[in-house]
Structure formats: C-alpha cells, structure tokens
Amino acid sequence: MRILNSRPLEDAAALDTALRARGHEVVAAPLLEIHQLPDAELDLVGVQALLATSANGVRALAARIARGNKARELPLLAVGDATAHCAKDLGFSDVSSAGGDVDDLANLVRRQIVASAGPLLQAAGTAQAGDLAGLLGDAGYELRRAVLYEARTAETLPALAQEALAAGTLDGALFFSPRTARTFVKLVRAAELATSCQDLGAYCLSNAVAEAAGELSWRRIGVAARPEQAALLELIDAGAAG
C-alpha cells in the first residue's frame, strides 16, 4: 500500500523504515513542526524521576541535560515503547515503558515510584493530551511540568500529499494524535481535496484520533488495538491484507 505518514520529521524516519520493511510505500506529509524552547525553566532539584509523554519531550530533555550529568541516571518513565527507545538511544540509563497512553503511564508511576520520595518532572510540550497531573495528583504525587517544546501545525498541506491525493495514488493515511488528524482535516478541505479521502483508509492510534479524523468521509477508519506504534503497524498490515 501507499501510505501518507503525517508524523513530524523527528519521528517519521523510524516509522518510514518500519512501513517500507513491510512492503509499503510512504508519502511524507509532516503536519507538525517541533520547536524546542531553550529558555524554558527546568527545575531538577530534588526530582526523583523523569516522565516523558513523547519522544519530542525526551529530545528536549537530552538537549538540556548534558551527558554525564547525574540527572541522566534518574529513572525515566516513558508513555510507550518508541519514546522509551528514544530515551535509551539518547543516553538515559534507567528507562521503563508504560506501553500505552497517559493512563498507562500514571499506572506505571504508581507501581514503580513512591510518592513521598520526591517530586516528578514531566518533559512536556505546550499542547498536551490527557491529564497526567490530575491522575498523579489524586494519588499524592507532586508533578513538575516543564514545557520544553512547541509543536506548530502546518499552514498548508505538503505538496507531495496534495499531489498524491489529487492523483488518487494513496491507499491510506496514518495519524498519531487528534491534533494531527484535525490539522489534516482542515488542510485537506482548504486544498479542496476532501473527496479524495473517500477511497482511503484512515489508520488511527486511538479512538480520540479516529473521532478527529472522522470529520472527513473515508473508505474505512481503523483504530489500533493498543495506543502504540507496533499496534498501528499491525492495523495497516491488516488493511493491506484485506
């Protein structure tokens, strides 16, 4: 199949490789652009563990915490496997994966971290999904939210995506977040290409993503069995087989 990958450039490469290894062709269409905020406050005093809800948060942390700094040895709890792999690749030594979403991350914290041992620090963006602070606050944890990056939405649909939609050469599009799906809906309508999606499958990481994508008419909308990249790839494979 020929799949539109809407992930930011920083996250797209590994996914592109996995898709091509399964025999799919990829059309790059990054709909978010990641900008780190180097002047953002990062208070690590007394912190007992780091939390990451995205690989972009990990990259922003790594840019602020030099290799060799003791903070690189703090437990880092990641929302999913891709974020955990990114943390390991960037030199964080004690990494755990919740293998799911923000609720799963909160559950992992409750299993592994003692609330009374000190505050937690979340590497976050200006926009966030879920209420991690509320989930952990209710359980007695102190969470410091460090806003270290901003994800800016594209203003126009990338040219390659427009060409593929207009030519009818796509089989599907994949979406990892409601924000990305909403951006696609907005831009594809602005480009007057919304009807092109009627012949495509929309492959979505969660029900919330599918709801946002559902503002357009698709041939089918599929939701990954688990909110992680491996499950989304399985969904795409199933679509190809079908």
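With θ set to phi - 60°, apply the Karplus curve 6.51 cos²θ - 1.76 cosθ + 1.60 along the range 92-97 and write out the HN-Hα couplings as whole Hz, x wherever there is a Gly or Pro.
Karplus values, whole Hz, x for Gly and Pro: 7, 8, 10, 10, 10, 10.
Roughly speaking, what is the stretch gain from Ser93 to Glu163, that is 0.36 nm per residue apart minus the C-alpha to C-alpha distance, in nm to one decimal? Intermediate results must be reported in sequence, preceding the final value.
Values: separation 70, 0.36 × 70 = 25.20 nm, distance 4.38 nm.
This chain segment gains 20.8 nm when fully extended.
Suppose every Lys and Arg Cβ carries +1 and every Asp and Glu Cβ carries -1, with no other charges. What dipole size does the chain come out with about its Cα centre, to the nearest 20 debye? Walk me through the numbers before you get to the answer.
Numbers: 22 positive and 29 negative charges, 45 e Å.
In debye, rounded to 20, the chain gives about 220.
Local charge sum around Gly130 (other residues, Cβ-Cβ under 11 Å, Lys/Arg +1, Asp/Glu -1)? The partial results should precede the final answer.
On the way: positive: none; negative: Asp101, Asp103, Asp104, Asp131.
Cβ neighbours under 11 Å give a net charge of -4.
Could I have the simple spin-label model distance between Thr17 and Ala139, label points 7 Å from Cα toward Cβ, reported in nm to one decimal?
So the label points at Thr17 and Ala139 sit 3.2 nm apart.
Specify the angular offset, from 0 to 90 degrees and rounded to the nearest 10, of the alpha carbon long axis of helix 9-21 from the longest principal axis of the alpha carbons in the chain.
Taking Cα atoms only, the helix is inclined about 60 degrees.
Give me a comma-separated list of calculated 3J(HN,Hα) values for the range 60-65, in order, Karplus coefficients 6.51, -1.76, 1.60 applied at θ = phi - 60°, integers in Hz, x for any Gly or Pro.
Rounded to whole hertz, the list is 5, 4, 4, 5, 9, 10.
Please check: in the Gaussian network model of the chain (C-alpha springs, under 10 Å), which one of Ala212, Ala117, Ala71 has the largest mean-square fluctuation.
Top of the fluctuation ranking is Ala117.
What are the residues whose amide H is under 5 Å from the amide H of Arg2, where those residues sit 5 or more places off or on another chain and H is modelled from the backbone?
Glu25, Asp171, Gly172
Order the peptides 223-229, 9-15 from the highest to the lowest mean number of other Cβ atoms within 10 Å of their residues.
Details: 223-229: 20.3, 9-15: 16.3.
Top to bottom by mean Cβ count within 10 Å: 223-229, 9-15.
I need the peptides 20-29, 146-155 ranked by packing, meaning the mean over residues of other C-beta atoms within 10 angstrom, with the highest value on top. Intermediate values should be presented prior to the final figure.
Working: 20-29: 15.4, 146-155: 18.0.
Taking the mean over residues of other Cβ atoms within 10 Å, the ranking is 146-155, 20-29.
Just subtract the alpha-carbon distance of Ala127 and Asp81 from 0.36 nm times their residue separation and send over the number in nm, one decimal.
Residue separation times 0.36 nm, minus the Cα-Cα distance, leaves 14.5 nm.
Label Lys70 and Thr153 with points 7 Å out from Cα along Cα→Cβ: what is the distance between them in nm?
Simple spin-label model gives 4.4 nm for this pair.
Hey, got the Cα dimensions of the range 34-152 along the principal axes, in Å, largest first?
Cα spread of the range 34-152 along its principal axes, largest to smallest: 31, 31, 26 Å.
Report, by chain and number, residues whose modeled amide H sits under 5 Å from the one on Ser97, excluding near sequence neighbours (fewer than 5 apart, same chain).
Amide H neighbours of Ser97: Ala78.
Compute the semi-axes of the equivalent ellipsoid of the chain, taking the square root of 5 times each eigenvalue of the Cα gyration tensor, and list them largest first in whole Å. Don't skip to the answer; put the middle values down first.
Working: eigenvalues 233, 60, 52 Å².
Whole-Å semi-axes of the equivalent ellipsoid: 34, 17, 16.
Using per-residue counts of other Cβ atoms within 10 Å, averaged over each peptide, order 128-136, 55-63 from highest down.
The densest-packed peptide leads the list: 55-63, 128-136.
Please order His85, His35 by the number of other Cβ within 10 Å, starting at the fewest. Can you show the working numbers first?
On the way: His85 17, His35 13.
Ascending number of Cβ neighbours within 10 Å: His35, His85.
The numbers here are math on the coordinates, done by the rules we state, and not lab data. What you see is a predicted model, and the numbers here were worked out from it, not measured in a lab. Ideal geometry is used to build each Cβ from the backbone, glycine not excepted, and the neighbour counts take in all protein chains shown.
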